[in-house]
Amino acid sequence: MDFIKVVPLISFLYACIHIIAFGLLCKNKKSPKLPPGPPSYPLIGNILQLGPSKLHQSLTKLSKTYGPIMRVTIGTITTIVISSPKIAKEALHKNDQALSNRFIPESVQALSHDKSSLIFMPISPKWKTLRKICATKIFSSQQLDSTQSLRLEKLKELVVYLKENCEKGKAIDIGEVAFTISLNSISNTLFSIDMASFASSSSQNFRDVISSMLIEASNPNIADYYPILRRIDPQGSQRRMKNYYQKLLTLFESIIEDRSNQRKDCVMEGSDVLDLFLNMIRNENSELTKHDLLHLFLDLFIAGTDTTSVTIEWTMAELLQNPEKLKKTRKELQKVINKDEGVKDLDITNLPYLQAVVKETLRLHPSAPILVHKSVSEVELCGFKVPKDAQVLVNVWSMGRDSSIWNDPNLFVPERFLESGDVFREEDFGFIPFGAGRRMCPGVSFAHRVVHTMLATMLYHFDWKLVDEEKCEDIDMTENFGVTLHKIKPLIAIPIKEELENSYIV
Ligand code: HEM
């Protein structure tokens, strides 16, 4: 071939290769790769590498090999796991639009609860309305102040109950007592009624229903990872969940009915949360219906009772395991609490050490160890692709124990929090026991009051000892993973007398 003719052809081919290569490069730049992850098997993905009862720990272990953003496949579901504060911040703040929906387990779809549930519904005008109602009508400082006396009454009853046990030298199950107080604190804040008492089995029944629901929602369910099976509910979990939902919805329905009958046709001013809600529902243009209300109550009891009581149980377990810290906490209480009035919400600001103790407990044992979200569109996180419809897990537990964030991460050192002020700081992404961003827990202010005042009450009036000569170093701190992180072995301890006069106890 003539050389003069070949040159333009070579130039043309060269130009084409460049254009294609440049195009490919640009394309690569536009669509980043999925994060790294362990090799997975066809059909089952990485299921065998993920122990369900220790999911938080197995994901932490894998992230040590594959990094702070990794991909695992559970059945057919692509799951992106985040275990660093920087990436958590990018996911929950910068990309909150795309990553604030929930991955919905098949079981919670019973009675279509997910469609009406604040916890599970997608970000939407309805979700915003429910969040606004929670913020203004239940959890605002003003509203919590106005319901404080009802909750403090429950703490006085707690002191009487503990005093009886103290006199008999009888051991109590701390988690059970904490659950009764959490349950009654919520029911009194909402309806001004008790749902349980220490002496009766009703709180145990309620606790059984709540824990069965949480177990059902967190149990490995084949239908969650093979969506094609959802229609047939292969493990029967939706059927069981329906049963639990119905028990609680029927209870709330009867509470609403009774209150409506008492009110007859009048509008009650300045009463409790239920009255405020019933006033709202009467309004023709109300954004809230009775159906919304029933499902909101369901959510508040599910999300608020167990999380609060396990936090109290873990705190007591840590303090009993660390007698020096227990002494320091009690000393602070004895300086601050007015013995004639007992513990009040207002005292919390003057108890920095107790607050540090609670934060340190939440760092080590966050009651919700993994945040469960879902991507509604493809996004890029720190250079990696998060595909649409992926399950996105933020491993709060692993960030709390990360040695690159915390010194001696496995030690209980409340002092590390003494400088960080008196609120749970959302911007500090290494410590997000209440989540962060749009989906952050709406009950923080309530939990803050209930957890601190209950612990203060238990520790101001009593010292505590373990049973059967159990030594503090022998307390079993093994965790059981679920929607909430439980102590595998309940904490049993005996309240014992101490030198202070408890003058407000009759
Ligand atoms: C120590 C106690 C508590 C802890 C550690 C806790 C923690 C959390 C966490 C981690 C989330 C998920 C956040 C996310 O996905 O980013 C959450 C959500 C939620 N919490 Fe709490 N919580 C506690 C107490 C409460 C209480 C007392 C209530 C109400 C009575 C409550 C109501 C809720 C609700 C309704 C949601 C769902 C919010 C939404 O999806 O928009 N929580 N909580």
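The values are calculated or read from the model by the stated rules, or taken from the named source; none is laboratory data. Since the structure is predicted, the reported quantities are computational estimates derived from the model, not experimental observations. Cβ sites come from the backbone with ideal geometry, for glycine too, and all protein chains shown count toward neighbours. What goes into the accessible areas is simple: the full protein's heavy atoms, side chains included, and nothing from ligands, DNA or RNA. Shrake-Rupley method; radii C 1.70, N 1.55, O 1.52, S 1.80 Å.
Kindly indicate whether Ile119 is assigned to a loop (DSSP other than H, G, I, E, B), under 30 Å from Leu43 (Cβ atoms) and touching an Asp or Glu at 6+ places or on another chain (Cβ under 6 Å). When the stated conditions are applied, Ile119 does not pass them. Output the residue which, of all residues in region 426-483 that are in contact with a His (Cβ under 8 Å, 6 or more places away or on another chain) and at pLDDT 90 or above, is farthest from Glu90 (Cα to Cα). Once the filter is applied, the top-ranked residue is Glu479. Pairs are defined by a Cβ separation below 7 Å, a sequence spacing of at least 6 or placement on different chains, a first member in region 445-467 that is without any contact (Cβ under 8 Å) to a residue 60 or more places away in the chain, and a second member that is of a type in the set (Val, Ile, Thr); the pairs so defined are Lys465/Ile494; Lys465/Ile496.
The residue of region 217-234 that is modelled with the lowest pLDDT, among those that are buried (at least 17 other Cβ atoms within 10 Å of the Cβ) and within 10 Å of Glu106 (Cα to Cα), is Ala217. Of all residue pairs spaced 6 or more apart or on separate chains, those with beta-carbon atoms under 6 Å, a first member in region 231-249 that is part of a helix (DSSP H, G or I) and a second member that is of a type in the set (S, T, N, Q) are Ser237/Ser107; Ser237/Asn221; Gln238/Ser107; Met241/Ser107; Tyr244/Ser212. So which residues in region 333-384 are assigned to a loop (DSSP other than H, G, I, E, B), among the basic types (Lys, Arg) and loosely packed, with under 15 Cβ neighbours inside 10 Å, if there are any at all? Scanning region 333-384 gives a single hit, Lys339.
Please verify whether Leu111 is of a type in the set (A, V, I, L, M, F, W, C), open to solvent by 40 Å² or more (accessible area, probe 1.4 Å) and away from the ligand (no atom under 11 Å from the Cβ), treating the condition exactly as stated. So Leu111 fits the description; yes. The residues in region 275-294 that are open to solvent by less than 10 Å² (accessible area, probe 1.4 Å) and within 16 Å of the ligand (Cβ to nearest atom) can be counted, and the count is 3. Of all residues in region 114-123 being of a type in the set (A, V, I, L, M) and open to solvent by 10 Å² or more (accessible area, probe 1.4 Å), which is farthest from the ligand (Cβ to nearest atom)? Residue satisfying both the conditions and the ranking: Ile123.
Within region 38-67, the only residue that satisfies the criterion of being open to solvent by less than 60 Å² (accessible area, probe 1.4 Å) and farther than 23 Å from Pro220 by Cα is Gly67. Note on region 134-165: residues that are open to solvent by 20 Å² or more (accessible area, probe 1.4 Å) and part of a helix (DSSP H, G or I) total 19. Taken as a whole, the condition of being within 16 Å of the ligand (Cβ to nearest atom), more than 25 Å from Asn101 (Cβ to Cβ) and in contact with a Phe, Trp or Tyr (Cβ under 9 Å, 6 or more places away or on another chain) does not apply to Leu319.
It is to be established whether one or more residues within region 63-83 are part of a helix (DSSP H, G or I) and under 20 Å from Arg363 (Cβ atoms). Give the steps one after another, and end with the answer.
Quick first cut of region 63-83, residues part of a helix (DSSP H, G or I) only: 63-66.
Within this subset, residues satisfying the condition of being under 20 Å from Arg363 (Cβ atoms) are 63-64.
Among the residues of region 63-83, at least one is part of a helix (DSSP H, G or I) and under 20 Å from Arg363 (Cβ atoms), which makes the answer yes.
For beta carbons closer than 7 Å, sequence separation of 6+ or different chains, a first residue in region 307-323 that is aromatic (Phe, Trp, Tyr) and a second that is within 11 Å of the ligand (Cβ to nearest atom) and not in a helix (DSSP H, G or I), the qualifying pairs are Trp314/His365.
So, in region 124-133, of the ones that are over 18 Å from the mean Cα position of the chain (by Cα) and open to solvent by 40 Å² or more (accessible area, probe 1.4 Å), which residue ends up farthest from the ligand (Cβ to nearest atom)? Applying the filter and picking the extreme gives Pro125.
Scanning region 356-391 for residues that are within 10 Å of the ligand (Cβ to nearest atom) and among the β-branched types (Val, Ile, Thr) yields Val358, Thr361, Ile370, Val372. Taken together, the criteria exclude Phe297 from residues that are open to solvent by less than 10 Å² (accessible area, probe 1.4 Å), among the aromatic types (Phe, Trp, Tyr), away from the ligand (no atom under 13 Å from the Cβ) and in contact with a helix residue (DSSP H, G or I) (Cβ under 9 Å, 6 or more places away or on another chain). Name the one entry in Ile174, Ile255 that is under 25 Å from Leu278 (Cβ atoms), among the aliphatic types (A, V, I, L, M) and modelled with pLDDT of 90 or more. Going through Ile174, Ile255 in turn, the sole match is Ile255.
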